Structure formats: C-alpha cells, structure tokens
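Everything on this sheet refers to the single structure shown next.
Bear in mind these aren't lab numbers, they're just calculated from the coordinates by the rules spelled out. Nothing here was measured: the structure is a model prediction, and the numbers come from that model. Using ideal geometry, Cβ is built from the backbone for each residue, glycine included, and neighbour counts are taken over all protein chains shown.
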Amino acid sequence: MDFDRVINRLNTHSMKWDMMESLFGVSPVDGIPMWVADMDFAPPKSVADSLKGLLKNEVYGYYGPDTSYKNAIVSWMERRHNWTIEPDWISTTHGIVNAFGLCIAAFTEKNDGVIIFTPVYHVFELVISGAERRAHSSDLVNVNGRYEMDLDALEASLTGDETMMLFCSPHNPSGRVWTKEELKAVAEFCEKHDLLLVSDEIHHDLVFDGHKHTIMSLAAPEQIARTIVLTSASKTFNIAGSHTGNVIIQDKKLHTAYEKFAKGTGISGSAVGMTMLEAAYNGGEEWLEECIEYLDGNRKVFDEAINKIPGLASMKLDSTYLSWVDFSGTGMTKDEILSRIQKVAKIAPSPGLQFGESGRLFMRFNIACSRSVVIDATQRLKDAFSDLQ
Ligand SMILES: Cc1ncc(COP(=O)(O)O)c(C=O)c1O
C-alpha cells in the first residue's frame, strides 16, 4: 500500500476536508486538515472489493445472517488481542458513539454521575450531558509529559450519585496505552464504588512497538459482571463512514439487560457497514501492519520537528495518530496560539479545550496523512512561531 500517495478528498463529503473552512476558517485549497480522527489513506483493498461485491448484487436489501460478520470479530479478537469471545456476546451498533450512548441510556438514570478522565474525547461529555447525566471529570496528571490517573483524587471528589465510568483505552487525545496494572486498578475502583465500567477501546489496534494494549476484560477478569467493552474497525482501517461498532458483553445477565434495552431502540446493523467491517478484519491485517509502520515514521518526523520549536512539546504517542501538543511554553493565550496556527500556518488541528479545561493550551494534530504533508505542517508551525526561536 502506498501511504505516500496524496488522495484528493475535496468535495467528497469528507467532514475533515469539506467542513474545515466553515468550522475553522482554514481553506482546504492551501490549508491542512489535522483535526477529526480519520486518516487520509485508502483502506485495505479487501474493503473496496467488498463494496464492489455489494454493488454487483444489484439489489440492496436487508442484511442477514450475521454469522460470518460475528466470526470475523471473534477471530480478530483472538488473533490480535488474545481475547477469546463468543459470537453471542456481540451486539452491533451504528458506531461507538452510538454504543456508549446506548450504554448510558440503558444503565444510568437522569442526573447520575458518569466518570470520565479528562482531557478526553470530547464526545464523551457531549453524550453524557445530552442524556441529562452529569459528567464527573477526573483530571489526568501530566507527569513528565505522560498522563497518569489519580484515583485517590477521584475518590475524594465523588459525590455519591456516580453509577458509571466511561473509560478511554487507549487514551484519546494523548495516545497513552494503559498498563495492565492501571486497568486493574480502574476496574477495582469501579467495584469499590459499584460503577458499571464501559471501556471504549476503539483505538486498540493502532499501537506502536514497545507497547501492548490489554482488553479491559483480560486485565480484570474478576470484574466481568460490570464490564462492557466497545470496539470497532473504523479507526483501525479508516472506515469511519461505515458507522458500525460493537458492544461486547461477556456477562449473560448484563448482556441480556443491554439487549432488552437495545431492542426498544429499534437498532440494527447496516449491510454496508457490516460488510466493510468483515472484509477489513478478514483481509486487512497486512495493510494494518504497514499502516502502523508508516504512522510510526510520521510520529517520529512530527515529534522531532515539533520539539525543536521553543515553547512546544508533543506527548510521545504509545498509540493512535493523534499527537497531543502542549503550547503552554509559548506564554500565549489559547486564542493567540489558535490564531497563529489557523491564520498563519493554515492548519486546522482540534483545539485542546474541546477535550476539557486541562487541554486549554494544547492542540491535537492528526498525523495520519502522507509524510510530505506532515513535513509541510511542521515547517509551517516552525515559521508561524519563528519569533520564539
Ligand atoms: C475514543 C473514541 N470513541 C469513539 C469515537 C467515534 O466512534 P464512531 O465514529 O464509531 O462513533 C472516536 C473518534 O475519534 C474516539 O476517539
């Protein structure tokens, strides 16, 4: 796969490219979109082939049976994560945001507290508050450029109405891969405070050498009865438009309760999304290895250039293609930083404040694009902050 190839995504209903100007004032003609988490790479050929196969059918009716779809997931989890699961633990949703939205609606009540570790994927907060629950934030602690959880501080902050923890593993926006010990501690915390543990593991496949992602259920098997794992192929294979995700619940009682609720929402999978996921899991492994290697190269080029710019510091990514850059060393306000990035460098990253107050002076850069674009972006940033050098 040629990851260097620059694909023109303009006017393709690509949110990343076609909404950049209206959202950030950066023109896609000479600007660089480095915000929303989709890659500028073509997914594995098996995915395109599966869509061509669908097209050949001529008739596009209801999808079923889902046996081969579920088997593809079972096999993937075994091969890539040493996680042995059963097909009937799997429930399909319209993506992972939909999945945690359903879990919140199914298992918490209005005004309940849902714990999140901030900064974190901003949609956690949006869905929690949208469902009229209370997002209970626990700030991650930046220890020498690496986030750690402070469970003691979290415990001291509890108000007693918390019923769920929505956990991001690996962590977006920092790319942190949590250790088994950290995951176990999180699960034990949930046991102590009788919280349901929803583990969003959408980024679980994009992990760099030297780090190992552990599925929550494997790190804390004794907490299975309160654990829900959310996975999808959309980040792994760059098929976010497939809008297909999975809720995986091992505990029979919990799974039955989830299914009962989901039934009342009328949700069912999409033929297009499920076909794409199955094709990606069955035929995309080699592509994924190459993709991780390419992203590893991008991460090195990006970090090296960024960390040479006085006042800027990127967190070293264990996983993901979302680089979390600390601009606090510039001494500027969030608006001054953003103005230089958007107006001078003509780059649209995700503003860090989106992910929580502690992200105010950070920006998140999506580096899943051709290496030439990463190099161009770092040069633009260097020029935009050149007076600091
Ligand atoms: C942690 C996390 N969860 C969920 C999503 C979105 O999932 P989906 O597109 O399947 O709804 C993202 C996208 O960036 C994410 O980072």
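For region 49-283, the residue among Ser138, Tyr121, Leu55 whose Cα projects farthest onto the positive side of the dipole built from Cβ charges is Leu55. Summed over qualifying helices (DSSP H, 4 residues or more, each -39500 (n - 2.57)) and divided by its residue number, the chain shows a 222 nm mean residue ellipticity of -11500 deg cm²/dmol.
Here the chain is assigned +1 on the Cβ of each Lys and Arg and -1 on the Cβ of each Asp and Glu. Its dipole about the Cα centre then comes out at about 620 debye.
Quick check: the distance between the Cα centres of region 82-105 and region 210-256, to the nearest angstrom? If we compute the Cα centre of each part, the gap is 7 Å. Per-residue extension of 0.36 nm, minus the Cα-Cα distance of Thr67 and Ala225, leaves a gain of 54.3 nm for this segment. Grab the eigenvalues of the alpha-carbon gyration tensor for region 49-283, scale each by 5, take roots, and send me the semi-axes largest first in whole angstrom. Equivalent-ellipsoid dimensions as semi-axes: 30, 20, 16 Å.
Rounded to two decimals, the Cα-based Rg/Rh of region 161-282, with Kirkwood Rh, is 0.98. Here each label is just a point 7 Å from Cα along the line to Cβ, and for Val29 and Asn307 those points are 3.8 nm apart.
So if I take the centroid of the Cα atoms in region 4-51 and the same for region 318-351, what is the distance between those two points in Å? That distance is 20 Å. Computed over region 43-108, the alpha-carbon pair-distance distribution with 5 angstrom bins reads 3, 12, 13, 20, 23, 16, 8, 3, 1, each value a whole percent. Each DSSP beta bridge with both residues in region 49-283 is either parallel or antiparallel, and the antiparallel ones are about 35%.
With a Förster radius of 30 Å applied to the C-beta separation of Asn142 and Asp376, the computed FRET efficiency comes to 0.55. With 0.36 nm allotted per residue and the present C-alpha distance subtracted, the Thr179-Lys45 stretch has 44.9 nm of extension available.
Based on Cα contacts under 8 Å between residues 6+ apart, region 16-114 shows a relative contact order of 12 percent. Straight Cα distances below 30 angstrom link Lys260 to the lysines Lys70, Lys110, Lys184, Lys192, Lys235, Lys252, with same-chain residues fewer than 8 positions distant left out. Across region 49-283, the mean sequence separation of Cα contacts (distance under 8 Å, 6 or more residues apart), normalised by length, yields a relative contact order of 25 percent. Placing R0 at 30 angstrom, the Cβ-Cβ distance between Lys300 and Leu151 gives a FRET efficiency of 0.35 after rounding to 0.05. Taking N as the residue count of region 249-389, its C-alpha radius of gyration divided by 2.2 N^0.38 Å amounts to 1.41. Placing a pseudo-label 7 Å from each Cα along the Cα-to-Cβ vector at Glu290 and Lys56 gives an inter-label distance of 2.2 nm. In this calculation the C-beta distance from Thr333 to Leu388 is compared with R0 = 22 Å, giving a FRET efficiency of 0.90.
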